[in-house]
Amino acid sequence: MNVDFFTFIGPNSADYADYLKYTCEKFISREHNINWKCIESVGAEKLPKGYRCVAKAPNMKHNSMNHGVALNLALDYIESDYVIFIDADMAILYSNWDDIIINELTNKYDCFGVSYGHSTKYKNFPTVYLFAFRSYILDKVKLDFCPKITKGKEAPLKIKLTKENAHYFNMEPGKILKCDTGWELPLQIKKAGFNKFISLPMVSMKSKNSQLPFEDKNHKKLCMTKSNHQSEWHRKGKIFTTHKQASRTQPLNGTWGNAWKRRIDLFMKRNNQ
């Protein structure tokens with residue numbers, strides 16, 4: 001099968017995207033043809049190796065909006081039946097991950113991805129961190145990844161959910177929803193009649209179920225000072241992917257990026273990858 005694999009390049013992103021591809025290739029099945037593509041977004045110092053840059057997104061002068069516009073732009077460059085959108089500061093660590101995603105999308109689901117763990121974001125539906133889908137859904141729905149923002153303010157708007165729309169987000173009426181990048185995905189896709197989807201559960205770095213190892217107590221203490229970062233998502237009891245987070249201000253070769261990378265390198269070494 002052919003797969004379009006898109007990531008998005010902003011500040012510090014190129015090194016993360018290179019590392020993402022490195023981890024993907026360590027665990028890939030090699031049964032499918034992966035088209036490694038990227039969209040250049042605002043603030044990119046360079047482009048990653050091994051990807052084809054298919055477009056450059058305009059500057060919307062807002063970080064979340066810049067990301068949303070880059071995701072929207074990628075929709076114009078889909079050439080395959082299977083599509084993966086993924087943040088550059090992710091790593092995939094599950095054997096035959098590509099074959100698994102394709103099988104899930106072929107036999108069971110319209111969308112595959114990872115869940116949010118945030119209390120003000122939608123529940124149990126694939127997110128922009130990792131969002132995989134069959135391109136046929138675009139025949140019935142126009143996806144829009146843009147956040148809802150107030151001019152002059154960096155933080156996206158938050159809205160109170162009504163009885164009419166709360167069920168689309170798997171939240172209760174009256175709850176507050178943060179309208180960040182990709183916030184409308186469940187609404188758009190479910191309204192179009194697609195109700196088969198899977199989102200892997202998030203595991204916090206603080207959880208006893210976290211699987212990425214630490215080198216020693218000092219390494220763990222350092223990572224835990226930003227305990228909401230370096231989340232994992234598991235499939236059948238094994239780590240599928242992990243997200244550095246905040247890479248815009250934390251380069252891969254810096255203190256925090258390197259601390260995350262060392263955990264992954266140690267995991268791969270212990271798993272003979």
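Residue-by-condition table, conditions (1) within 25 Å of L252 (Cα to Cα); (2) free of Cβ contacts under 8 Å to residues at least 24 places away in the same chain:
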site	(1), (2)
V42	yes, no
R52	yes, yes
N59	yes, yes
H62	yes, no
M65	yes, no
A74	yes, no
S80	no, no
D89	yes, no
S95	yes, no
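Of the strands (runs of 3 or more DSSP E) contained entirely in the stretch 84-178, those carrying at least 2 residues that are buried (at least 20 other Cβ atoms within 10 Å of the Cβ) fall at 90-92, 111-114, 130-134.
When L187 is tested against (1) under 19 Å from S119 (Cβ atoms); (2) at pLDDT below 95, exactly one condition is not met: (2). Here S199 passes the criteria (1) touching a strand residue (DSSP E or B) at 6+ places or on another chain (Cβ under 6 Å); (2) under 30 Å from V42 (Cβ atoms); (3) loosely packed, with under 13 Cβ neighbours inside 10 Å; (4) among the polar types (S, T, N, Q) except the one numbered (3). Just one of (1) assigned to a helix (DSSP H, G or I); (2) under 19 Å from H118 (Cβ atoms); (3) hydrophobic (A, V, I, L, M, F, W, C) trips up L222, so point out which. For L222, the failing item is (2). Just one residue in the set N228, N271 is under 19 Å from the mean Cα position of the chain (by Cα), of a type outside the set (K, R) and surrounded by fewer than 18 Cβ atoms within 10 Å (Cβ to Cβ); that residue is N228.
Among the residues making up the stretch 246-268, those that are of a type in the set (A, V, I, L, M, F, W, C) and either surrounded by fewer than 18 Cβ atoms within 10 Å (Cβ to Cβ) or modelled with pLDDT under 95 (or both) are A246, L266, M268. Number of residues in the stretch 194-244 that are farther than 15 Å from A259 by Cβ, in contact with a helix residue (DSSP H, G or I) (Cβ under 8 Å, 6 or more places away or on another chain) and among the hydrophobic types (A, V, I, L, M, F, W, C): the value is 5.
Residues are listed down the side, and each one gets a yes or a no for (1) touching a Cys at 6+ places or on another chain (Cβ under 8 Å); (2) closer than 18 Å to A88 by Cβ:
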site	(1), (2)
Q188	no, no
A192	no, no
M205	yes, no
K217	no, no
Q230	yes, yes
I239	no, no
R262	no, no
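In the stretch 37-76, of all residues being assigned to a loop (DSSP other than H, G, I, E, B) and touching a strand residue (DSSP E or B) at 6+ places or on another chain (Cβ under 7 Å), the one that is farthest from K151 (Cα to Cα) corresponds to G50. The residues of the stretch 21-72 that are more than 30 Å from D265 (Cβ to Cβ), surrounded by 19 or more Cβ atoms within 10 Å (Cβ to Cβ) and polar (S, T, N, Q), listed by number, are S64, N66.
For the stretch 181-203, the criterion of a residue being in contact with a Phe, Trp or Tyr (Cβ under 9 Å, 6 or more places away or on another chain), acidic (D, E), under 27 Å from L73 (Cβ atoms) and touching a residue at least 24 places away in the same chain (Cβ under 8 Å) is satisfied by at least one position. Evaluation of I28 against the conditions (1) under 29 Å from N107 (Cβ atoms); (2) modelled with pLDDT under 95 shows that the sole unmet condition is (2).
The values are calculated or read from the model by the stated rules, or taken from the named source; none is laboratory data. Just so it is clear, the model here is predicted, and its values are computed rather than measured. Ideal geometry is used to build each Cβ from the backbone, glycine not excepted, and the neighbour counts take in all protein chains shown.
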